[in-house]
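Written out below as structure tokens is the structure these notes cover.
Please treat every number below as a calculation from the coordinates, not as lab data. Owing to the predicted nature of the structure, the values given are computational and were not obtained by experimental measurement. Cβ sites come from the backbone with ideal geometry, for glycine too, and all protein chains shown count toward neighbours.
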């Protein structure tokens, strides 16, 4: 039955008006939800601004940013240069008179075809230096003699070439046809006079190991032309690079020179004269500092727009009075306004480099002042931004720190310098002969790695000659070289000492045995076979020693320094401070991390929105019940009114039929 049928009552209109009044709770919930949604949007904007700001401070949070340098040459065709962060500013005169060159050897025999048979056996490649008269050959102590086995199936010219190249022992091989035949050319991989080649043959499948047949056709000894079947082409002798830097004569085995000027790698391209200029890359730092100021001002603008109360219009912003926003502002201001009293770079506040707050809360940068400080050798801007330790002792090197390290000035006291593990032999009688199969095998353990070494046979005139050969053989052992483990073998008054390359308790030389041990070391003293770690205190608190490093505890927890020389006792101080960029990067990072300050607030807002949805559902159910009740009541009323109208009409009709009834109308 349709509402209002049979009556003059507009029931639909009445129910609609009554339900409109009942909708007020829904309207209130919608208003509340809109507010929450606007807060979510506001926090999204805030997180974006914080993220951009964090990127800008992260770029200044580490010392390497401030140590960048640039280098340039007036003649870029003469050399190229690369400057590392520890390069020092300066100008240098560079005069190159000779480029380094690798030695090349060619076979005396011109083979008719690349498939021609040479022979099988073993090639031993030694690296070293021939004296000016080619009467002696001194081994390179840093490069071990290498062996290449040429199997019968590799005995052709091309097979020998491939076997040499596959061995990867510090030489390369090529076949060149000179018009008369095919010659094998062997080239030392490394340039320099100390990388000249000596090639000996053993187990030659044809003839002897020193004749002009079989594999012996590849033998070479610059001191013995009569037994050399390979020759050195004219102009293919090994050469060092010869140059002067500011008039100082320098010889280097390679055209890539990384240890002449501190922090500079110079790659020589040709002979000639040029000038080299090195200077600090202040442009990059200035740009990064300007980016930080710009990003902070953008962040401040966002925070102001989201939280400032509009006095003129008496209207609050979305996050006016929000505790999270207030906390962010307070914590940022605390960092900016805390002086770095323990920084060791001659700067303690941002105002010292021209950064200052304005009345409106923004930052301004005085670029002229910043440029002046960056070019002041007495100031270290890195200490103002990064977590940096500055040592007063040049042999105490600051390595790193952790977030646990507190700002402070820490006194350093060294009670034990780090040492290397070493085994010391007794005095030997020279000349001393090493004979293959008799006393040429040495087994030993270096830094916990066991290796077996074959020493080069021969007669050694002095302990220094023997030390050079033994060091070369040990360092060439694959078990050691693959793990970058090396030794230094030295000779003192006729006695050899084998020392590990490491420092500290992990540095060990032990278990030296086998046939050569007695011949080259005699009675072995292992008293110092295990190295000692550095010991001492940082800030008067015992530090943990590891090799040459000391790691602090207490307030200095996490700070790491290296003691690379000097003596025991008081060693000055390390000034340490966590710079502004470092602190801001950590702070903003924590604010943006999951389940932290902002995410917790956003989580609370999302929970409130979820609750609004639940409340809306309950209210809608309640309203549906009320509407049903209204409709039920008005349906009944409509029916009653309809019935009354029908009764009225019936009575009127009946009265009209009565005699003498007169309708007043």
**Study point:** Footprinting exposure proxy for 53, 357 (fewest neighbouring C-beta atoms within 10 Å first)
**Key:** 357, 53
Review point. So how tilted is helix 24-58 from the main axis of the chain? Cα-based, degrees 0 to 90, rounded to 10.
Key: 20 degrees
Study note, to complete from the structure: From the Cα centre of the stretch 412-467 to that of the stretch 170-227, the distance in Å is 30 Å
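Checking the a/c ratio against 1.5 first, then a/b against b/c, what shape does the Cα gyration tensor give for the chain? Could the numbers behind the result be given before it?
On the way: a/c = 3.19, a/b = 2.43, b/c = 1.32.
Prolate, since a/c reaches 1.5 and a/b exceeds b/c.
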Point to revise | Whole-angstrom gap from the stretch 14-84 to the stretch 282-351, using each part's C-alpha centre | key: 14 Å
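Cut-off is 10 Å between beta-carbons; in what order do 33, 583 appear when sorted fewest neighbours first? Numbers along the way, then the final one.
On the way: 33 17, 583 22.
If I rank by nearby Cβ atoms, fewest first, I get 33, 583.
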Revision key, fill the gap. Expressed in angstrom and ordered largest first, the alpha-carbon extents of the stretch 422-521 along the principal axes are 35, 28, 18
Practice item. Give the angle, between 0 and 90 degrees and rounded to the nearest 10, that separates the Cα long axis of helix 157-167 from the longest principal axis of the Cα atoms of the chain. Key: 60 degrees
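If you take the alpha carbon radius of gyration of the stretch 104-231 and divide it by 2.2 N^0.38 Å, what ratio comes out, to two decimals? Walk me through the intermediate numbers first.
Details: Rg = 13.7 Å, N = 128, 2.2 N^0.38 = 13.9 Å.
Here the Cα radius of gyration is 0.98 times the empirical estimate.
Under the rule of -39500 (n - 2.57) per DSSP H run of 4 or more residues, summed and divided by the residues of the chain, what mean residue ellipticity at 222 nm is obtained, to the nearest 500 deg cm²/dmol? Let's see the in-between values first.
Numbers: 12 runs with 206 residues, N = 665.
For the chain, the value works out to -10500 deg cm²/dmol.
Taking 0.36 nm per residue of separation and subtracting the Cα-Cα distance, what length does fully extending residue 351 through residue 246 add?
Numbers: separation 105, 0.36 × 105 = 37.80 nm, distance 4.01 nm.
Answer, rounded to one decimal: 33.8 nm.
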Practice item. Go through 189-197, 306-314 and give me the packing order, highest mean Cβ count within 10 Å leading. Key: 189-197, 306-314
Review point. Helix 463-475 versus the longest principal axis of the chain: what is the Cα-based angle in degrees, 0 to 90, to the nearest 10?
Key: 40 degrees
Review point. Which whole-number percent gives the relative contact order of the stretch 526-633, counting Cα pairs below 8 Å spaced six or more residues apart?
Key: 10 percent
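How do 285, 612 rank when sorted from fewest to most other Cβ atoms within 10 Å of their own Cβ? Walk me through the numbers on the way to the answer.
On the way: 285 23, 612 20.
Neighbour counts put them in this order, fewest first: 612, 285.
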Point to revise | Protection proxy ranking, peptides 274-283, 476-485, average beta carbon neighbours within 10 Å, highest first | key: 274-283, 476-485
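From the square roots a ≥ b ≥ c of the eigenvalues of the alpha-carbon gyration tensor of the stretch 282-387, which class results: rounded (a/c under 1.5), prolate (a/b over b/c), or oblate?
Working: a/c = 3.12, a/b = 2.18, b/c = 1.43.
The shape class here is prolate.
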Exercise for review: List the relative contact order of the chain as a percent without decimals, with contacts defined as Cα pairs under 8 Å and 6+ residues apart.
Suggested key: 17 percent
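Could you work out the relative contact order of the stretch 50-132? I mean the mean sequence separation of Cα pairs under 8 Å and 6+ apart, divided by the number of residues, in percent.
Values: 20 pairs, mean separation 13.1, N = 83.
The value is 16 percent.
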Check your understanding: Once label points are set 7 Å from the Cα along Cα→Cβ at both residue 570 and residue 82, what is their separation, rounded to one decimal in nm?
Key -> 4.4 nm
Exercise for review: Take the alpha-carbon centre of the stretch 562-634, take the same for the stretch 541-561, and report the distance between them in whole Å.
Suggested key: 36 Å
Review point. What order, most packed first, do the peptides 86-95, 458-467 have when packing is the mean number of other Cβ atoms within 10 Å of each residue?
Key: 458-467, 86-95
